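The values are calculated or read from the model by the stated rules, or taken from the named source; none is laboratory data. From a predicted model like this one, the values you see are computed outputs, not experimental measurements. All Cβ positions, glycine included, derive from the backbone under ideal geometry; neighbour counts span all protein chains shown. These accessible areas exclude ligands, DNA and RNA; they are computed on the full protein's heavy atoms, side chains included. Shrake-Rupley method; radii C 1.70, N 1.55, O 1.52, S 1.80 Å.
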Amino acid sequence: MSCGPPCPPCSPPPPPPCPQVCTPPPPCPPCRAKPIMRGLHWSQTKSVLAQALTISAIAGTCVYLFIGRPRMARYKEFYAKGEFEDWADEMARKGLFQSVPKESLRDF
């Protein structure tokens, strides 16, 4: 007794769904290293002090070389060529010295 054509074979049952128990992948490492917080203020202070001392030493050297030395040379030249006695007599004759009366001066 055959009722009709035979049935095609049954397809296998679908596999059971995969349980989601996989752990997520670890995060990417940071691009920069983390700062060392212990002693950070002291290390930054030492750096700033070193920079300040270096810059002030350079500035002091520049002032000495470009202002101080030329000024000392000009003073040295002025006092080497100075005719102070003549200048003092001339100023006394003009009455610029209060302690020297004009009458006490002789004209040469």
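Is one or more of the residues making up the range 69-86 open to solvent by 80 Å² or more (accessible area, probe 1.4 Å) and hydroxyl-bearing (Ser, Thr, Tyr)?
Checked the range 69-86: at least one residue is open to solvent by 80 Å² or more (accessible area, probe 1.4 Å) and hydroxyl-bearing (Ser, Thr, Tyr).
The combined condition, being part of a loop (DSSP other than H, G, I, E, B) and over 21 Å from the mean Cα position of the chain (by Cα), is not fulfilled by Pro70. Among the residues of this structure, Val100 counts as one that is open to solvent by less than 80 Å² (accessible area, probe 1.4 Å) and part of a loop (DSSP other than H, G, I, E, B).
Might you let me know whether the range 45-59 holds any residue that is at pLDDT 80 or above, surrounded by 10 or more Cβ atoms within 10 Å (Cβ to Cβ), of a type in the set (D, E, K, R) and within 30 Å of Leu105 (Cβ to Cβ)? For the range 45-59, residues at pLDDT 80 or above, surrounded by 10 or more Cβ atoms within 10 Å (Cβ to Cβ), of a type in the set (D, E, K, R) and within 30 Å of Leu105 (Cβ to Cβ): absent.
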